[in-house]
Each structure stands twice: as C-alpha cells, then as structure tokens.
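K.L.:
One structure follows; several queries about it will come next.
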Amino acid sequence: MYFIIVHLVAAIVLLLWAVRMVRTAVERAYSAQLKRTLAHAERSAFSAATVGVGMAVALQSSTAVAALASSFASGGLLAGSTGLALMLGAYFGSALVASVLSFDLTLLTAPLIIVGGALFLRANERQMKQLGRMILGIAFVLLSLEMVSEATAPWRESDVLLMGIDYLRGDPWTGFIIAALVTWFSYSSVASVLVIITFGASGVIPFEVAAALVLGANLGGTLIALGMTRGADVRARRIAIGALLFRGGAAVLALAIIEIFQVHSMGLPGDVGLQASLFHSGFNLLVMILGLPMVGPASRLLDRFVQAGASEESTDLARLRRPALTASSHGNVDADLASATRELLRMSELVEVMLQPTMEILKGGDKAAIRRVKALEPEVDRANAEIKLFLSQLDWDNMDEGQTSRASDLSTFAISLEQAGDIISRQLLRVADQLNDRHLTFSAQGWEELLDLHTRVLGNLQLALNVLVSEDIESARHLVAEKDEVGILERNSVSRHFARLRTGDPNSFETSELHLQTLRSLRHINSLLCSVAYSILSEQGELLGSKLASRSAR
C-alpha cells in the first residue's frame, strides 16, 4: 500500500509540474502576443469570452488568464464587465483542455518526448526552445495520467476504498469541499479535474462522486483567483469576486440540484471518466452562456459594494520600503552592484505603475489616476539620483572590466528610466489634459493602434527587466528585435492615420497632433527601455554597428 500511495502522489506531482511547464513555455514565448490579444477584449462580452477561451487553451490554465486580467484591471486597461466575461470564457477554455487531455493519447507520449526534447536541446532560437518545452510538458501530462491510472488499479477492489466511496455517495458535500480545497492548494483546476476524470475512467469512483468532485474543483479554481488578488487593486478584486459568484455559486447550485433530484449519469455516454469530462465542459459552457448577459449588471453591483480600502487610497507604498542602497559592503563590489540592481528594479516598477494606466487616463481623464502618476514622478527622479550617487562612490580604480561595465550599464539604464518617467508625466499626461479640455476622442481605429502599441511597450518593459537581471543573450536579442517591431508599428500607424485624414475622418482631424504625439512618446519610452540590451550584446559581439549580427556572421 505504501508504494501505491507513493506512486500516486508522484504521478500527481508530475501532473502539476507538467501543466505548469506548458504554461511557463507559452508565457515565455508568447507573453507579448497574449497581452496584445487581451488588450482587444473590450469590444463586447462575447469577444472577451472568446479571447478568454483562446488564452486558457493556449496557457492550459484559467489561473494564468486570471493573473493577466488582474494586471490589466489594476492598470485600468480592463473594465470590470470585460474582465468577468474574459474569466467565464477562460473557465470554459480550461475545461476544454482537461477534456482533450483526458482522452487516451498514450501512443503520442513517446513521440512527443522525442520531438519536444530535440527542440529544447538543439534549437537555437528562444521561441523554438519554448515550443520544445511546451511539447515536453504535454507529453509529461499524458505520462502522469498513465501513472495515475496504474497507481489506482490495485485500489479498485479495496474494501477501505469502497467504504470511502459509499460515504461520499451519501454525503457529496464532503467530496465537494475536499475537491475545492485540494484544487485551491494545488493551484491548478486542470490538474485536479484530470485526476478526477482518470479516477472515473479507472472505475475507482462512480459518476455521482465524480460530479461532486468536479463541481468542487470548479469552486476551488475560483478560490485560486480570489486568493491571488487579495492584496491587489480593488478593480482586480472585483473581477475575482464576480468570477467566484458566477462559477462558484453555480457549482453550489448544481450540486444541490443533483442531490435533490438524485441525478445519476444524466444520460451522458461512455464510462465514468468520459461522463465526468462531458459534465465538466457542459457545466462551464452553461455558466458562460448564462453569465455573459449578466456581466454588466454584476459589474455595476460589484463597483457599488466592493470599495477600495482607505490604505489603497492614501498609503504611499513607495515610502514604506527600505531602500536597498546602503553603505559599501566592505569593498564587496559585486554585492554593491547587486544592491544597485535591486534598487533599479524598484525604480522600474514605479515606471511600470506610471505607464500602466496611461491609456485609461487618455480615454477618460481619470483624475485620481493622474494624481497617482504625478505623485510617482518625484520618486523615480529620487531613485535615479540615489542610484547614480551610490554607483559613483564605488571603488572604480579596483574594479575589473566586467564590474566597471555592469556599473556603467546600471547607471545608464537608471537615466533611461528617469527619462521614461518624464515622458509619461509631462507628455502623455499633457495629451490627456488636451483631450479632456477640448472634449476630444481618438478615432476607433486610431485608439486600437495606440492600445496595441501601449500593450507592446508594457511587455517590453517586463522583458527589459528580465534582461537587466539575467543578462541573457537571447532575451537581449529579442528585446532589440522588439524595438524594431515597435518602430514598424509606429510607422504603420502614422500611415493609416494619414489615410484616415485623406478620407475626411473628423476625429482624426481633431486629434491628429495628439495621436502623433502619443505614438512618438510611446516609441521613445520603448527605445529607452530597450537600451539595456545593447551593452550586453555589444560585449558578446552580437551587434554590427547599430544592427543585430546575423547568425551566419557569428
């Protein structure tokens, strides 16, 4: 029995790790594309739900979609109703993933391991490596499900197990609560549901128990998002609470209906595993269909009853943190450079907080958001001055070439971040003031172009921070390539803008200079952020003049 339990636990751990592995690969390879897709979810509740389905399928996780949605909502880039619709779609998308992976795909396990391993070990490009990681993750999911099935085989005739199953048949709420807690603890509703489906397919549990466990896993999935946003902005918390009310409330109601009317297989075909899979998908599809028309009223109720705490409005968190810059660590230059890097990361987070709500400010002129952005500019200026002063006091004469180069890079990037903060507070906020004073709005197409560019710049800020910390060559190359992509986006937007002027679009005429100024500002911010990559590439001979060296030249 001991070895059987160890085998089962190992299989479940492998499953959790494999699901996370797939999500990590997709996030690393396609993070910018996912964020740009998410930025276009505002068109309607249906389009938001469709985006949620697609993102959950790609990431194999509704939790990852919830994290992205929370980030966008906190920055004012995602309305509450859109976020709720997005989450309803994401829950259905994760149910589809669980259903597909629950099929008997054992013949694909070995080929997927070979292909994924070859790509990950031999590919030179970052995206191909991550594709290999994703394929390996899928293979390990299938392998773990085989292990679960093998581990549960000896239990099928166990008297102890039969007693437990009989108890859960008579008390489905216990199984419901256990499944919710296990899902919340494991941080993956996909993995939990896959284990339940596998138990059902192996004949370990009947449908009544499987249905209660599946519903509990659905509740647990919403608890994950709720816990993840506990200390986040109130707008992110409203989305998580709304998702809990929709999906969690539906799960409780569904289990009550099943118990009252003594529903068994519901006429679903196949074995218990297939029935549980169909039940899970059908439940989330029904929640999405019935919930989409109600996301608007629900969002307004949440806005009314879920208010920001006093600390969110008045506490200056930037002042509560102890600065990482301290007196020189007894001549330990590497420790001093690490301290400067930590402080630079804090400075970059301040710039990110300033940049995130700019599109909301441009769209609605939110006075509170404007005050928050303006209040952060002195913090960014102060951090820049402190970092430069700290670095200037290092013992440069006794530093080696690598340390000297790193210190120069940190100082340069601090200046770039300070300039980016100035652009946000002085140029983009001035555009917002003019839009508000003159009661102007960008054209629909122009707004989409600006939103796309802003999302890309936010993604590149995250990539720049990764490059700053890791000094990874491939990430630095990707960052420089992103700079070129942003330049192309700006030029294409300018061309389309002038095309709209030629057609006589009144919005384009009235906001022409403001549109172009916003484009220039966003591109300038992006260029400043990308500067961190050039010194790293230059040291490795990865640059030819001002262009990336081709692979054939290396």
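The values are calculated or read from the model by the stated rules, or taken from the named source; none is laboratory data. Keep in mind it's a predicted model, so treat the numbers as computed, not measured. Cβ placement follows ideal geometry from the backbone for every residue including glycine, while neighbour counts extend to all protein chains displayed. Note: areas computed on protein heavy atoms with side chains; ligands, DNA, RNA excluded. Shrake-Rupley method; radii C 1.70, N 1.55, O 1.52, S 1.80 Å.
K.L.:
Quote the Stokes-Einstein diffusion coefficient, in whole µm² s⁻¹, for region 324-429, based on the Kirkwood radius over alpha carbon pairs, a temperature of 37 °C and a viscosity of 0.692 mPa s. Show your work: numbers first, answer last.
P.N.:
Working: Rh = 14.7 Å.
The calculation lands on 224 µm²/s.
K.L.:
Sticking with this structure for a sec: Mean 1/r over all different Cα pairs, inverted: what Kirkwood radius does region 74-119 give, in Å? Provide the component values of the computation, followed by the final result.
P.N.:
On the way: mean 1/r = 0.0734 Å⁻¹.
After inverting the mean inverse Cα-Cα distance, the result is 13.6 Å.
K.L.:
Just to confirm the number: angle between the C-alpha axis of helix 444-470 and the first principal axis of the chain, 0 to 90 degrees, nearest 10?
P.N.:
The answer is roughly 90 degrees.
K.L.:
Additional query: I need two numbers for the chain: Rg to one decimal and Dmax as a whole number, Cα atoms only, in Å.
P.N.:
When restricted to Cα atoms, the chain yields Rg and Dmax of 26.3, 82 Å.
K.L.:
What whole-number volume per residue, in cubic angstrom, does the convex hull of the C-alpha atoms of region 110-221 give? It would help to have the intermediate numbers written out before the result.
P.N.:
Working: hull volume 11.6 nm³, N = 112.
Residue-normalised Cα hull volume stands at 103 Å³.
K.L.:
Here's a follow-up. What order do you get for 15-25, 47-57, 176-186 when each peptide is scored by the mean count of other beta carbon atoms within 10 Å, highest first?
P.N.:
Details: 15-25: 21.5, 47-57: 23.2, 176-186: 19.9.
Highest to lowest by the protection proxy: 47-57, 15-25, 176-186.
K.L.:
Now for a separate question. What 222 nm value per residue comes from the helices of the chain, counting each DSSP H run with n ≥ 4 as -39,500 (n - 2.57) and dividing by all residues, nearest 500 deg cm²/dmol?
P.N.:
Numbers: 25 runs with 432 residues, N = 554.
Estimated from H runs of four or more residues: -26000 deg cm²/dmol.
K.L.:
Taking the Cα centre of region 115-225 as origin, work out the dipole magnitude from +1 charges on Lys and Arg Cβ and -1 charges on Asp and Glu Cβ, in debye rounded to 20. List each step's numbers first, then the result.
P.N.:
On the way: 6 positive and 8 negative charges, 140 e Å.
Dipole size: approximately 680 debye.
K.L.:
Could you pull the accessible area for PHE283 with a 1.4 Å probe, rounded to 10 Å²?
P.N.:
Solvent-accessible area, nearest 10 Å²: 20 Å².
K.L.:
Charges only on Cβ, +1 for Lys and Arg, -1 for Asp and Glu: so what's the dipole of region 465-539 about the Cα centre, in debye to the nearest 20? Walk me through the intermediate numbers first.
P.N.:
Details: 8 positive and 11 negative charges, 86 e Å.
The calculation lands at about 420 debye.
K.L.:
Say the dipole of the chain comes from +1 at the beta carbon of Lys and Arg and -1 at that of Asp and Glu; which of GLY200, SER44, VAL380 then lies farthest toward its positive end?
P.N.:
Sorting the options by dipole projection puts first SER44.
K.L.:
Separate question: Could you work out what % of the accessible surface of the chain is carbon and sulfur, using a 1.4 angstrom probe and leaving DNA, RNA and ligands out of the count?
P.N.:
Details: 15290 of 25140 Å².
For the chain, the apolar C and S fraction of the accessible surface comes to 61 percent.
K.L.:
Restricting the calculation to Cα positions, tell me the Rg (one decimal) and the Dmax (whole number) of region 229-279 in Å.
P.N.:
16.1, 45
K.L.:
Compare LYS483, LYS363 by solvent-accessible area with a 1.4 Å probe and give them largest first, with all protein chains kept in place.
P.N.:
Working: LYS483 60, LYS363 140 Å².
Greatest to least solvent exposure: LYS363, LYS483.
K.L.:
Farthest toward the dipole's positive end in region 387-534, which of ALA407, GLN419, LEU522, given Cβ charges of +1 (Lys, Arg) and -1 (Asp, Glu) about the Cα centre?
P.N.:
LEU522
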